Amino acid sequence: MVENQIKAVIFDVGGVLALSKNPIVIGKRSNMHDLGVHEYISRKLRISIDQWFDAIDSIYADAFVGQLSERTTILTISRKLGVSPFKVFSLFLKAYKRNFKQNKKLYKLAFKLKKQGHKIAILSDQWWLSKEAVIKEKYMKKFNVVVISCDVGLRKPNPEIYKLTLKKLKLPAKNCLFIDNQTWNLTPAKKLGMKTILFKTDEQLFKQLFKMGVGHD
């Protein structure tokens, strides 16, 4: 039992540590980082959501794994849509801030776990601008390990990004718990031997953690 105890808790950001104020799920687009962000921008540009996705799909995907810098991403989208780079940048920043709120309850729990002797980590798919807008620096620096897709050139559900996180934590998978709001992101973690929780609400998560004996004095 002691051999398999949880020594590290790994948190996703979008939909877990940062909650969407207006969560939306629509078919094939439900695996986008957050549809509310894209709907806001397309509405402001007065184009359809499909036109917006056609303009950004491949660019956005490359930005998430660090293949394009923030500047190149903004400039490329700007040229495609015929709007100024400043406008694109401003719209993204406003969209992220309007659509996300910090999950302060969960951050509080994470820092409590750290005080209790657990390692805490972030494993998240972000590009440069969303990382800056969604993950507050004052919170991020308190984590033992932070693995962001645009920084490491990998994204979930690629097993290699989970292996990298374990390597940085210096722990075997059996001693780690991964929390994410998408089932397909939990599958590779399970295959590697991590314990997992599908996040739905804070209350649901706290109950499951209690059953696992995590985070309670």
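Overview of values
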{"item": "Degrees between helix 49-64 axis and first principal axis of the chain (Cα, 0 to 90, nearest 10)", "result": "50 degrees"}
{"item": "Karplus-derived HN-Hα couplings along the range 84-97 (A = 6.51, B = -1.76, C = 1.60, θ = phi - 60°), whole Hz, x at Gly and Pro", "result": "5, x, 4, 5, 4, 4, 4, 5, 4, 4, 5, 4, 5, 5"}
{"item": "Debye, to nearest 20: dipole size of the range 27-100, +1 on Lys, Arg Cβ, -1 on Asp, Glu Cβ", "result": "360 debye"}
{"item": "Efficiency of FRET between Thr183 and Phe86 - r from beta-carbon atoms, R0 41 angstrom, step 0.05", "result": "0.60"}
{"item": "Debye-sum result for the chain in log10 I(q)/I(0), which assumes one identical scatterer on each alpha carbon, at q = 0.08, 0.10 Å⁻¹", "result": "-0.29, -0.45"}
{"item": "Pairwise FRET efficiency - Ala61 versus Met212, Cβ, R0 = 22 Å, nearest 0.05", "result": "0.05"}
{"item": "Alpha-carbon spread of the range 166-217, three principal axes, descending order, Å", "result": "30, 28, 15"}
{"item": "Fraction in percent of alpha-carbon pairs per bin - 5 Å, the range 49-151", "result": "2, 12, 19, 21, 17, 11, 9, 6, 3, 1, 0"}
{"item": "Cα-based shape type of the range 111-217, given that a ≥ b ≥ c are square roots of the gyration tensor eigenvalues and the cut on a/c is 1.5", "result": "rounded"}
{"item": "Under 5 Å, built H, 5+ apart or other chain: amide partners of Phe178", "result": "Ile10, Lys195, Thr196, Ile197"}
{"item": "Value of D in µm² per second that Stokes-Einstein yields for the range 27-100, Kirkwood Rh from Cα pairs, at 37 °C (0.692 mPa s)", "result": "265 µm²/s"}
{"item": "Relative contact order (%) - the chain, alpha-carbon pairs under 8 angstrom, separation at least six", "result": "27 percent"}
{"item": "Theoretical gain in end-to-end length, Thr72 to Lys105 [0.36 nm per residue, Cα-Cα removed]", "result": "8.3 nm"}
{"item": "Listed residues Gly14, Gly82, Gly117, most fluctuating in the chain (Gaussian network, C-alpha, under 10 Å)", "result": "Gly82"}
{"item": "Charge dipole (the chain, unit charges on Cβ, about Cα centre) - positive-most of Gly117, Gly14, Ala61", "result": "Gly117"}
{"item": "Flagged links, alpha-carbon separation over 25 Å, of Lys138/Lys195; Lys21/Lys163; Lys115/Lys168; Lys138/Lys191; Lys114/Lys167", "result": "Lys138/Lys195; Lys21/Lys163; Lys138/Lys191"}
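Each reported figure results from applying straightforward, stated rules to the coordinates on display, with no laboratory input. Note that the structure is predicted; figures quoted are calculated from it, not measured. FYI the Cβ positions are ideal-geometry reconstructions off the backbone, even for glycines, and counts take in every protein chain you see.
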